[in-house]
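Notes follow the structure.
The values are calculated or read from the model by the stated rules, or taken from the named source; none is laboratory data. All figures in this text were calculated on a predicted structure; none of them were measured in a lab. In this analysis, Cβ positions are derived from the backbone assuming ideal geometry, glycine residues included, and neighbour counts consider all displayed protein chains. Surface areas here come from the heavy atoms of the whole protein model, side chains and all, with no ligands, DNA or RNA. Shrake-Rupley method; radii C 1.70, N 1.55, O 1.52, S 1.80 Å.
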Amino acid sequence: MDGKADGRKPTARSPTTWPGHTGERPRGLGIPSGKGHSPSLAPWAVNPEAPTPVRRLLVVGAGIMGAGVAAQAALVGWSVDLYDVNQGFLDRGMASLHHDLEALRERGTLSPEERERAESRIRPTLSLECARDAQVVLEAAPEQLGLKRGIFEELDRRAGPETLLASNTSSLSITALASATSRPERVVGIHFFNPVLRMKLVELIPGLLTEPGALARARAFAEGLGKTVTVSQDVPGFVTSRAMAVLVNEAIWMLQDGVATREDIDQAHRLGFHHPMGPLELADLVGLDTLLSVLERLYTGFRDPKYRACPLLVNMVEAGRLGRKTGQGFYPYGAPRPRARVVGSPPP
């Protein structure tokens, strides 16, 4: 049985609207840089020949990625249900997205009224009954194949027959996830990047049986959030995680071997390659446990020793030093920000 929201009054929703009527392509966060402006209307929302615009989204998993996607969708006027397996995870997820939206307000990108309206469109829930009303369901659970397959089995039973089922996985097989459902043709990978509100890229990954129409709907969904889309084949790590994992893992090997200090390794990448942050800083942002799971997936999938995880990375994960989310990784960060993780599949 689904958990109940322990009697808590549901968050009020604003009517689902599509602010703005310019028809211009959204950019960056999906909102203009000036104060007091509403997000641009997604271009396909005014095109009768384009896919039906998404108006209701279910995000399964209130962790840092799920909360970020929920905030991004709410900013452009969509109603969002944010699901997790207990109230504590939901509370931390809502605190995380509030923090992110408040940061936009402090920078002048968002007015106080726009922040309040965005948050009012997000309803935290302990029940998956809302899956039947969603046009898109995005799974944002940890990178564990068995866990994600269990979630997709449950969503397949609860979601409407035309609902697009998507995963935010950064490395796992979309075909394997789709095989847990009776609708593999409507399952697709929609890979967002952290932090969601700042990163412009979304990587789309069709599974072996994904229909072109489902991929088109996924593209419309992502572009409606103001993102730029790339498409990858369903291979381990896709494009971005495969390249990132090798770069960061090699930097960790250099640190372990004493080639340079952590600061000099990161400085060399920032100034030598014009990267916005160094590889060790990036590892702390992504999460060392996530990085390790990607490397393990790549090593298993390709049987290539270049993907073998550095022992220092393995030891840090075993020690619980996972990066920013735990307050300590390759660098110290103090108290971790409030974040949540789905730690079990949804109850039957």
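Some notes on this structure:
- Residues in the range 310-331 that are buried (at least 22 other Cβ atoms within 10 Å of the Cβ) and aromatic (Phe, Trp, Tyr): Phe330 only.
- Once the range 167-214 is narrowed to residues that are among the charged types (D, E, K, R) and closer than 30 Å to Leu285 by Cα, the residue that is surrounded by the most Cβ atoms within 10 Å (Cβ to Cβ) is Glu203.
- Residue in the range 84-104 that is at pLDDT 95 or above, open to solvent by less than 40 Å² (accessible area, probe 1.4 Å) and not in a helix (DSSP H, G or I) present: yes
- The set of residues in the range 234-288 that are within 30 Å of Leu209 (Cα to Cα) and in contact with a Leu (Cβ under 9 Å, 6 or more places away or on another chain) comprises Asp234, Pro236, Gly237, Thr240, Ser241, Arg242, Met244, Ala245, Val246.
- Flag for Leu147 being touching an Asp or Glu at 6+ places or on another chain (Cβ under 8 Å), modelled with pLDDT of 95 or more and assigned to a helix (DSSP H, G or I): no
- The set of residues from the range 125-151 being crowded, with 18+ Cβ neighbours inside 10 Å and under 19 Å from Trp78 (Cα atoms) comprises Thr125, Leu128, Cys130, Ala131, Ala134, Gln135, Val136, Val137, Leu138, Glu139, Ala140.
- Identity of the residue in the range 294-309, open to solvent by less than 30 Å² (accessible area, probe 1.4 Å) and in a helix (DSSP H, G or I), that ends up farthest from Ile252 (Cα to Cα): Leu298
- Out of Glu203, Glu153, sole residue that is out of contact with any Leu (no Cβ under 9 Å at 6 or more places or on another chain), within 18 Å of Ser241 (Cα to Cα) and at pLDDT 95 or above: Glu203
- Residue among Arg217, Arg262, Arg270, Arg242 that is open to solvent by 10 Å² or more (accessible area, probe 1.4 Å) and free of Cβ contacts under 8 Å to residues at least 12 places away in the same chain: Arg270
- Residue identified as within 12 Å of Leu138 (Cβ to Cβ) and either in contact (Cβ under 8 Å) with a residue 60 or more places away in the chain or aliphatic (A, V, I, L, M) (or both) among Leu104, Leu82: Leu82
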